[in-house]
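Note sheet for the following structure.
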Amino acid sequence: MNKTKLAVIDGETLMDMRLPPTKFCIDQILPQGVAMISGAPKVGKSWLMLDWTIRIAKGEEVWNFKTTKGTTLYLCLEDNWNRVQNRLFDVTDEAPSNAFFAISSCSIADGLLEQIEGFVSLYPDTVLVTIDTFQMIRNADKDTSYSNDYQEIEKLKVLADKLQITILLVHHLRKQGDSDPLNKISGTTGISGALDTTLILDRSNRNQKNAKLICTGRDIEDRELELNFSKDTHTWDLVSDSIENPESLLPEEISQLIAYMKQIYLYVGSNSEFAKDFSSFCGNEINPSALKRLMNKYRFELEENEVYFRSSRSNGKRFLNIRYKPDSDESDVSDAEFSGVKNAVNLVPVVPVYESG
């Protein structure tokens, strides 16, 4: 009996691959994939979701976080059109034409996935589909086992990854408390285990205006946002963030590498020789493997600063072709320019000349 072979890739090749960065609807908070926001009934989840739906469609910031502008779809499955309209009147002066709403849909078992895929085919710039609430699209005939909970989320995750969008589910918390916020989510741990991102809007007293938005996930850093609900604007305002948000800075080695390449423009040769020369420039010894790892990790940041590189291996040695090319982008740096790395010792860079040892 023939068995399907595993699709595998070796670690060295994987580290050198030019993979696209994770996409975010809301920078640092809501990445592509399946996310869930949970909270007690009437705590203000739907107000927050409506605000996000409008802001992302407009490309406006959510608090101090950038958003990716695109079409949004909000399934308000526990509401009617009057209620949705009145809430829109409360949160915005002008609803954008690329923010769409629906008050009914199929369940996961009866065609919801096809409905979402059909919508995205009509609006290919879709970035966010919000489903309020998760319970409304579940199969009522299925048991609430770990396996079933996980499988339902997994089906939505496969769709989100296929369409390269964020699917955001609105869900409830258990009535009983728990020291671990993830254990407050209604259902088994199969739900939280399958999610890419988990958000919990939690406040101990419904009359309190303040709440915490607890954020955790595979592609975000754990954080707690202190929020305040404004009855005037019906929106949640940011009070404080457990993580300070200065403008992200590149590691010192990468900043120095950019400066170095602006000075020499081009290098073709062995990794070890480049690390040696670069260490001399920095006045600090840098291991070739550690330097290469940083370059792979910050590849897109280097390209934003017009520094491009390719790697190869020949006769057991690693070779590097790295160049500073102003007023360019990756597509402008042709494969021809990077050809011949295996015979790098025979190549003559423009300025200055470096030969591999």
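The values are calculated or read from the model by the stated rules, or taken from the named source; none is laboratory data. Remember, it's a predicted structure, so these values are computed and weren't measured experimentally. Backbone-built Cβ (ideal geometry, glycine too); neighbour counts: all protein chains shown. Keep in mind that these areas ignore ligands, DNA and RNA; they rest on the heavy atoms of the full protein, side chains included. Shrake-Rupley method; radii C 1.70, N 1.55, O 1.52, S 1.80 Å.
Here is how the numbers come out for the structure above:
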read-out	value
Selection count where residues are at pLDDT below 95, under 23 Å from L77 (Cα atoms) and of a type in the set (S, T, Y), scope region 155-196	3
Single condition E247 does not satisfy, out of (1) open to solvent by less than 60 Å² (accessible area, probe 1.4 Å); (2) at pLDDT below 90	(1)
Residues satisfying the stated conditions in region 1-54, i.e. outside any strand (DSSP E or B) and polar (S, T, N, Q)	N2, T4, T13, T22, Q28, Q32, S46, T53
A99 being buried (at least 17 other Cβ atoms within 10 Å of the Cβ), at pLDDT below 95, in contact with a helix residue (DSSP H, G or I) (Cβ under 6 Å, 6 or more places away or on another chain) and of a type in the set (G, A, S)	no
Qualifying residue in region 282-293 (condition: of a type in the set (D, E, K, R) and on the phi > 0 side of the Ramachandran plot)	no
Of the criteria (1) surrounded by 14 or more Cβ atoms within 10 Å (Cβ to Cβ); (2) within 14 Å of D16 (Cβ to Cβ); (3) modelled with pLDDT of 90 or more, which one K276 fails	(2)
Residues that are surrounded by fewer than 17 Cβ atoms within 10 Å (Cβ to Cβ) and among the basic types (K, R), drawn from region 64-85	K66, R83
Any hit, region 18-34, residues being under 25 Å from F300 (Cα atoms), free of Cβ contacts under 8 Å to residues at least 12 places away in the same chain, open to solvent by 30 Å² or more (accessible area, probe 1.4 Å) and hydrophobic (A, V, I, L, M, F, W, C)	yes
Test for L88: is it free of Cβ contacts under 8 Å to residues at least 40 places away in the same chain, out of contact with any His (no Cβ under 6 Å at 6 or more places or on another chain), farther than 16 Å from L213 by Cβ and surrounded by fewer than 22 Cβ atoms within 10 Å (Cβ to Cβ)	yes
Total residues in region 75-107, condition under 14 Å from S46 (Cα atoms) and part of a loop (DSSP other than H, G, I, E, B)	5
Some residue of region 338-352 being within 30 Å of the chain's Cα centre (by Cα) and either within 27 Å of T22 (Cβ to Cβ) or modelled with pLDDT of 90 or more (or both)	no
Region 1-54, residues that are modelled with pLDDT of 95 or more and at positive phi	G33
Residue in region 288-298 that is most open to solvent (accessible area, probe 1.4 Å), counting only those that are touching a residue at least 40 places away in the same chain (Cβ under 8 Å) and over 14 Å from F278 (Cα atoms)	R293
Number of positions in region 39-63 that are open to solvent by less than 30 Å² (accessible area, probe 1.4 Å) and touching a Leu at 6+ places or on another chain (Cβ under 9 Å)	13
Qualifying residues in region 299-329 (those that are among the aromatic types (F, W, Y) and open to solvent by less than 50 Å² (accessible area, probe 1.4 Å)) - the one farthest from N271 (Cα to Cα)	Y324
Scope region 211-235; condition over 27 Å from the mean Cα position of the chain (by Cα) and not hydroxyl-bearing (S, T, Y); matching residues	K231, D232, H234
Residue within region 131-140 that is under 16 Å from Q32 (Cα atoms), surrounded by 14 or more Cβ atoms within 10 Å (Cβ to Cβ) and touching a residue at least 12 places away in the same chain (Cβ under 8 Å) present	yes
Candidates I37, I56, I26 - the one that is of a type outside the set (K, R) and over 16 Å from I131 (Cβ atoms)	I26
Sole exception among (1) open to solvent by less than 40 Å² (accessible area, probe 1.4 Å); (2) touching a helix residue (DSSP H, G or I) at 6+ places or on another chain (Cβ under 8 Å) for M15, by number	(1)
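Residue-wise test of (1) farther than 25 Å from H172 by Cβ; (2) modelled with pLDDT of 95 or more; (3) over 21 Å from the mean Cα position of the chain (by Cα).
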{"position": "I56", "(1), (2), (3)": "no, yes, no"}
{"position": "N80", "(1), (2), (3)": "no, yes, yes"}
{"position": "V84", "(1), (2), (3)": "no, yes, yes"}
{"position": "A95", "(1), (2), (3)": "yes, no, yes"}
{"position": "C106", "(1), (2), (3)": "no, yes, yes"}
{"position": "A109", "(1), (2), (3)": "no, no, yes"}
